[in-house]
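The values are calculated or read from the model by the stated rules, or taken from the named source; none is laboratory data. Computed from a predicted structure; not experimentally measured. When we count neighbours, we look across all protein chains shown, and the Cβ atoms used for this are built from the backbone with ideal geometry, even at glycine. Heavy atoms of the whole protein, side chains included, go into the accessibility calculation; ligands, DNA and RNA do not. Shrake-Rupley method; radii C 1.70, N 1.55, O 1.52, S 1.80 Å.
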Amino acid sequence: MNARNAFIVLILLAATGCSYTGTNLRPYASWTGLIPEQEIYRHSRWALDPNAKVYVVLPASGYQDDELVAEMTEVFHRYFPRARQGRHRETLAQAFVSARFAGMDYVVYPDIHSYIDQEGLGEVIREEVKPSEFRLGEARMNIYIYAGQGEELVDRLQLETRGSIFTADNRKLIWPPLDAYLKSISQFDLVRR
């Protein structure tokens, strides 16, 4: 990278948190792949008791990625220490039966639409992938949270995330947005429906 290109990159990075003539430049920097893009949409204002037992389902339909669900369970476990993952693939109806049998308070059912591994700048520099294989990782999913006993939909999270050229690994695709979401819903006394 020559000095001119490096200067342009630095200007774009500096501008991501600033605004110029009232226009935020962050979306443009995100479009170029210089910073990650993460969007979260909540459909409820519930908060969950941090002591709740949360059952994370291995979905039987849709895009299936056991490693992604395991990482999701790991994030849930940080805020809900009694969270655990199902052992087998289950439909939602089967998950409710398993959750009731295990005495779980909530059922988390991930509906993964797409998940593409990150092959970023780090992998190219370390020569783990060829420059032609460079690609930004992305994930699109809905995460449904149901009451374990009444089977009522408590919350639905739409998560769309894309890595940047500086994203170090695939965990960075879902950990930061999911971590922020769980931090907000685990504050039981702050928000209730």
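Among the numbered conditions (1) at pLDDT 55 or above; (2) farther than 20 Å from Gln158 by Cα, tell me where Gln64 comes up short.
(2)
Looking at Arg78, Arg100, can you tell me which residue is modelled with pLDDT under 95, assigned to a helix (DSSP H, G or I), under 17 Å from the mean Cα position of the chain (by Cα) and charged (D, E, K, R)?
Arg78 is the lone residue from the list that is modelled with pLDDT under 95, assigned to a helix (DSSP H, G or I), under 17 Å from the mean Cα position of the chain (by Cα) and charged (D, E, K, R).
I'd like the full set of residues that are open to solvent by less than 20 Å² (accessible area, probe 1.4 Å) and among the β-branched types (Val, Ile, Thr), limited to the stretch 37-73.
Val54, Val56, Val57, Val69, Thr73
Restricting to the stretch 133-157, and then to whatever is more than 20 Å from Phe80 (Cα to Cα) and modelled with pLDDT of 85 or more, can you tell me which residue is surrounded by the most Cβ atoms within 10 Å (Cβ to Cβ)?
So the residue we want is Met141.
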